[in-house]
Structure formats: structure tokens, C-alpha cells
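Since the structure comes first, as C-alpha cells, the remarks are kept for the end.
The values are calculated or read from the model by the stated rules, or taken from the named source; none is laboratory data. None of the values given here were measured: they were computed from a predicted structure. Neighbour counts run over all protein chains shown; Cβ positions are idealised from the backbone, glycine included.
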Amino acid sequence: MTTSKIDDRPKVGIGLVGSGFMGRCQANAFATVAGLFDVPVLPVKTLLADATPSLAAKGARDLGFARATSDWQALIDDDAVDIVAITAPNTLHEPIALAAVSAGKTVYCEKPLSISSGSAQRMTDAAEAAGVVTSVAFGFIRNPMIRFARHLLHQGEIGEVTGFSGRHAENYMARPDAPHSFRTDPHGGGALADIGSHIICIARYLLGPIVEVIGDQTTIFPDRPVSAGASDKRPVEVDDMTHALLRFENGVSGSMEANWAAKGRTMDLSFEITGTNGAIRFSQERMNELLLYRDERSKSGYVRIEAGPDHPPYGQFCPAPGHHLGFNDLKVIEVADLLGSHSGATNPGPDFREALKVQMTVDAIAASSRTRNWTVVET
Ligand SMILES: NC(=O)c1ccc[n+]([C@@H]2O[C@H](COP(=O)([O-])OP(=O)(O)OC[C@H]3O[C@@H](n4cnc5c(N)ncnc54)[C@H](O)[C@@H]3O)[C@@H](O)[C@H]2O)c1
């Protein structure tokens, strides 16, 4: 009996920085993507970097990487690494990305792009000058039902858009004993930057640029434990909750909330868009459905549309409707897009430039909360 090699696609080396929540999620996506999508290149989990040798060794073993290092610069310098995936805390995104860009590598960076618009601008300028492919992990827009919502809007299914209301509400900081972490770092932390950036990205994806904002930021808990279980506390310098009014470039008026202390909410990344002829509604807590209301068809209220193969790329995962995708599947879609862009296909984004615009919107909302004035988004 003879065997033959059946897959001669080129291989690309993945260098992953960080092996926490998102490191695991990305590693899982790199492991499974080629079995679900006809990707042009095959990812190889080559090298993992984490903060210490033992964290790196454990991360590499747990997540299936061939080698480990405690020096992210060594990962970037490694000839076998073609794509640098950044899942380290936000303050590290800029130095790691700039080093990867100067080495000419594709950069896949977790959101938010960085800790300020200035930092995100430096990253974007460097990446564009070097001509490297970039991708930023605002993965929720990969949801087939959000893509479908955009299709419906472009088709005019709800008429002219008249209003947007968006929210990202979770409860992971809803207790006063939830400790400090990089998420509460005064440099780039807070609910608005951490999760508000997701709903801003979705708003831009669906309705286009946001040009003017006014925000109101609140710190609910004045101090938090310095680490998990510690009795020592330190003041909180970032927002737990932000509300904002938004004015879109197309004239539409909108509002948003970012709230990581939302009792009872696990993943209410949601929006409602009204139009002259109907409305669309979505929440990530029920990520496999979209609610659609149209005057002429559903006078009694919203009609539920369930995810299925009619909503690409759902069919890559399952030929039958109603079997449901999950959060990790969105990462697989994101990684499939990344491997395509890395190989020369049009980058569907969000790339660094798009993530910079999200960051500028975050910064404008925070600035307006300080000045109590409407603020132009400098994009
Ligand atoms: N796309 C999403 O839905 C989503 C969800 C959660 C987090 N994130 C983003 O992902 C990033 C990481 O968040 P997380 O929840 O995975 O955090 P985490 O704390 O679970 O993981 C961070 C990892 O980075 C490592 N690290 C810290 N310093 C390092 C260094 N100097 N060199 C190498 N590794 C280092 C940590 O040891 C850890 O393994 C953040 O930017 C966050 O905003 C995105």
C-alpha cells in the first residue's frame, strides 16, 4: 500500500505572545482553521512567548507550540516566525507590534490596538510605511449574523437608518472585590477602552464613521484590591461605566454604553438600529439570531431569524441551521481572514488603520467626559 502527500500548501510559522484567555483562543483557532476553511497557507504553532520561562514553557505545552521563550523580541527575530500574534496586555501592544513591523512580519494584534490614539497612530504609520499586513481582533464583527445585519442595511431592508443604540455590558467587574489588572491601568484601561471599543467597532462597521461625541464616564467602585484576594486596596482611576451620544458622518444620531459592572449581564454586546421602514436588533448573548422588524411584514413586532448556512461563513462549520456557532468560532473566522490577507488576498479588516479610528473615538469620548462638551473625533 502506498501513501501520498495530499497537501502541498505552504506553511506559515505562528509566533504567539501571551498564553492567557486570548492566547488560548487564538491558538485554538490556528489549530482548527485549516480543517474548516480552505486557507491558502497552513499555520504552524512555532514559538510562544510569555513573561517568564515557566509561563512560556507551560503555555507552549498547553497550547501546542513547538518552542517557548520568555523574550518576545527573540520570537520576533526568529526566522521561522512569519506571523506575530499579540495577546499580551495592552501596554505591550505598541513595542511588540513596532518590532514585528520592522522585522517585516504580519501582525495580528488583540484589541484595543493600544493605550492611546497617539500610540495607535505610531503603530499604524509604521505598519503602512513597511507595507506589512495587519489585523486587529475585533472579532465580533465576524459573526455571520452581524454580517447579515450589514447586508440588510445595505439592501435598504429597514429603509433609511434613523437611529443607533449600542451597548457592551458585562459583569466581570461588578463586584467591589474584583481586583486591579491591566484592564484598570490608567494608561489605556477602563470599560470604554476594554469593551466599549467593541461596540464602537460594530457601530462603524454597520453605519460608518462617528464624527462627534459627548461622553459621561463613571467610576462606580473608588478602590479595588491590588490583586485577587488581597486586603490592600488602591484607587481606581478608570471608568466602570461610560454613556455617550454619537453623531455619525451620515447624520444619524446614536447612543452607546460601555459597562463592565452590569449586574446580571454576561455578554450583552448588543445594538438596535431603527429605520424609516423597520428595525434590526442583536445581542451577543443570543449570537445565533438576529431580530428583524419590517412595517409591512411584521406589525406585531420583531421576527427572529436563526443563523444557518444562508449566512456565510456559518456553512463552513455546519451544513444545518440552528446548530449554533460559538465565541471561539468567531476567532476561527478571524484567523481564516488573517491567513488570506497574509497570502495576498484583500484585507477585510479591521486593520491597524480601522482600529486607530476606533481608538480615536474612545479617546474623544473620554475627553468629552472631562470637558463636558461635544467633541469632534479626529479621524
Ligand atoms: N477580542 C476579544 O474578545 C478579547 C477578549 C479578552 C481580551 N482581549 C484582549 O487580549 C489581550 C490579552 O487579554 P487576556 O484576557 O488574554 O489577558 P490574560 O491576562 O489572560 O493574558 C495575558 C497574557 O500575556 C502574558 N504576558 C504578560 N506580560 C508579558 C510579556 N512581557 N511578554 C509576554 N507575555 C506577557 C501573560 O502572562 C498572559 O499569558 C488584551 O489586549 C485584551 O484587551 C480581547
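Looking at the range 76-95, which of the residues that are more than 8 Å from the ligand (Cβ to nearest atom) and not charged (D, E, K, R) is nearest to M123 (Cα to Cα)?
Pass one, the range 76-95, residues more than 8 Å from the ligand (Cβ to nearest atom): 76-85, 91, 94-95.
From what is left, the residues that are not charged (D, E, K, R) are 76, 80-81, 83-85, 91, 95.
On the way: I76: 16, A80: 23, V81: 20, I83: 16, V84: 14, A85: 15, T91: 13, P95: 9 Å.
By that ranking, first place goes to P95.
Can you tell me which residue among T124, T134, T87 is more than 26 Å from E378 (Cβ to Cβ), polar (S, T, N, Q) and not assigned by TED's automatic domain parsing to the domain that holds G308?
None of the others qualify; the one that does is T87.
Select from the range 329-354 the residues that are in contact with a Ser or Thr (Cβ under 8 Å, 6 or more places away or on another chain) and over 15 Å from V41 (Cα atoms) and list them in ascending order.
Of everything in the range 329-354, those that are in contact with a Ser or Thr (Cβ under 8 Å, 6 or more places away or on another chain) and over 15 Å from V41 (Cα atoms) turn out to be N347, P348, G349, P350, D351, F352, R353.
Just wondering, is there one or more residues in the range 4-14 that are more than 16 Å from the ligand (Cβ to nearest atom), touching an Asp or Glu at 6+ places or on another chain (Cβ under 7 Å) and under 30 Å from G190 (Cβ atoms)? Steps first, answer last, please.
So the first thing to find is which residues in the range 4-14 are more than 16 Å from the ligand (Cβ to nearest atom), and the list is 4-13.
When the remaining residues are screened for being touching an Asp or Glu at 6+ places or on another chain (Cβ under 7 Å), the result is 12-13.
Narrowing the set further to residues that are under 30 Å from G190 (Cβ atoms) leaves none.
No, every residue in the range 4-14 fails to be more than 16 Å from the ligand (Cβ to nearest atom), touching an Asp or Glu at 6+ places or on another chain (Cβ under 7 Å) and under 30 Å from G190 (Cβ atoms).
So for the range 299-314 (the condition being touching a Pro at 6+ places or on another chain (Cβ under 8 Å), at pLDDT 95 or above, in the same structural domain as A149 (by TED's automatic domain parsing) and not in a loop (DSSP other than H, G, I, E, B)), does at least one residue qualify? Even if it seems obvious, please write down each step before you answer.
Within the range 299-314, the subset touching a Pro at 6+ places or on another chain (Cβ under 8 Å) is 306-314.
Next cut, at pLDDT 95 or above only: 306-314.
If we keep only those that are in the same structural domain as A149 (by TED's automatic domain parsing) too, we end up with 306-314.
Still in the list and also not in a loop (DSSP other than H, G, I, E, B): 306, 314.
Yes; the residues of the range 299-314 include at least one that is touching a Pro at 6+ places or on another chain (Cβ under 8 Å), at pLDDT 95 or above, in the same structural domain as A149 (by TED's automatic domain parsing) and not in a loop (DSSP other than H, G, I, E, B).
Could you check L63 against (1) surrounded by fewer than 23 Cβ atoms within 10 Å (Cβ to Cβ); (2) away from the ligand (no atom under 15 Å from the Cβ); (3) closer than 27 Å to Y314 by Cα and say which number it fails?
(2)
If I ask for residues that are in a loop (DSSP other than H, G, I, E, B) and of a type in the set (K, R), which ones from the range 214-268 would you list?
Residues satisfying the conditions are K263, R265.
Checking K111 against (1) within 15 Å of the ligand (Cβ to nearest atom); (2) touching a residue at least 40 places away in the same chain (Cβ under 8 Å); (3) farther than 14 Å from A355 by Cβ, which single condition isn't satisfied?
It is condition (3) that K111 fails.
Restricting the search to the range 52-85, which residues are assigned to a loop (DSSP other than H, G, I, E, B) and either touching a residue at least 24 places away in the same chain (Cβ under 8 Å) or of a type in the set (D, E, K, R) (or both)?
Selection gives G64, F65, D71, D78, D79, A80, V81, D82.
Kindly indicate the residue of the range 25-51 that is within 13 Å of T87 (Cβ to Cβ) and in a helix (DSSP H, G or I) and also farthest from the ligand (Cβ to nearest atom) among those meeting that condition.
So the residue we want is F30.
When you check R183 against the structure, is it basic (K, R), within 14 Å of the ligand (Cβ to nearest atom), closer than 20 Å to D268 by Cβ and at pLDDT 95 or above, yes or no?
yes
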